[in-house]
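The values are calculated or read from the model by the stated rules, or taken from the named source; none is laboratory data. Worth saying up front: this structure is predicted, and the values here are computed from it rather than measured. For neighbour counting, all protein chains shown are included, and Cβ atoms are generated from backbone atoms with ideal geometry for every residue, glycine included. What goes into the accessible areas is simple: the full protein's heavy atoms, side chains included, and nothing from ligands, DNA or RNA. Shrake-Rupley method; radii C 1.70, N 1.55, O 1.52, S 1.80 Å.
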Amino acid sequence: MTEIHRRKALSLLGGGLALLAGCSEPSDGNGNGNGNGTENGNGDETESISGDLPPYASVLPTNDTSEYFYGAIDVGTMDTLLSDEGAEAGEEPTDPLVGNPVVVALLCSFGLSQLGASAGFDAYVANNRTADGEEQFVYADGVYALVGSYDRESLATDLEAAGYTVESDGDPYVVYADSESGEIVGVSDDVYAYSYPNGSDSAFDPVAAVERTVATAAGDREPKHEADDDFERLLRAGENGGIACCLYTDDDAFASETLSDDQASDDESLQFTFDSVEGANGIHQQLAVTDTDAAATASAVVTYESEDRIDEARLESSLGTEADTVDVVTIGSRVEIDAEYRGEYARE
């Protein structure tokens, strides 16, 4: 996955996750633990989930890969992170309950900086009808997507005036290309999506990836959660306020190389750390900073193909290691982890 330079992470952490306060509130819960027990295909009891889907679920496209990753952050939170000018270097988080969402914030920060430097930035600003802070910024399937409300027809006019050419026109959406930068932009009434060629992955097609995203948002393609019941249950079980991230596979368990590829590889980078979920087939994480006594809260839902695959000891020894309090609950073939942090996460 995308590599994040350590100095950027340390700058963010040095400013304290209190930067999120006032912008990031924990949700009231997504219905964890309030469903009725049902039997899955392996005869293990699982629990139906009645929680809400995240507001950006309709933008997450299906693709041809077994494994799926996305990260999301509300734009109000991101604005606060980007506006801080006094952050100093801090300690790198060793707790993946904090570290993985922080990498999502950095990944989205990088994506927003790319948007700001693009030829289409003025068009995006002029035609964004979303109230300040209410947009969701999502990274999925190699595409950055701002989920909100846009004047699609005016966006199309302004992008063409900026030199973008039409790559694909699906009626409720349009996909454009910028010949100078290689940027691909897709627009619909609900999403402004963009991507770039990936020099390290020649198989990645940014035009196809952006079109999948905007076509899904426009209702022309089936979103991932409608095509995969297990993925939908994972989304409904997880919390979604503040910063969220999700790694999922439709196989029985993650391939070992998927988890090892997400580890920090040297002293100059900070990457996602998912080795705690070996044997699982899904993890959904969330991080928020609050005005309550628990200055920061983090949660994770880890799902398994069956109960006998659960390694609760591995999860307890890896997730929430920097927290003041941690609760771990097993429900059928999933484990829910909730942690509270104080100390350096407290507001000034």
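Segment 128-243 holds helices (runs of 4 or more DSSP H) entirely within its bounds, and those carrying 2 or more residues that are polar (S, T, N, Q) map to 152-161, 206-217. Filtered by the rule that a residue be modelled with pLDDT of 90 or more and not in a loop (DSSP other than H, G, I, E, B), segment 48-78 gives Ala57, Ser58, Val59, Pro61, Glu67, Tyr68, Phe69, Tyr70, Gly71, Ala72, Ile73. Screening Leu112 on (1) in a helix (DSSP H, G or I); (2) open to solvent by less than 20 Å² (accessible area, probe 1.4 Å); (3) closer than 30 Å to Glu67 by Cβ shows it passes everything except condition (2). For Arg314, work out the one condition from (1) open to solvent by 60 Å² or more (accessible area, probe 1.4 Å); (2) closer than 17 Å to Ala253 by Cβ; (3) outside any helix (DSSP H, G or I) it doesn't fulfil. Every listed condition holds for Arg314 apart from (3). A count restricted to segment 272-311 and to residues that are buried (at least 24 other Cβ atoms within 10 Å of the Cβ) and touching a Phe, Trp or Tyr at 6+ places or on another chain (Cβ under 6 Å) stands at 3.
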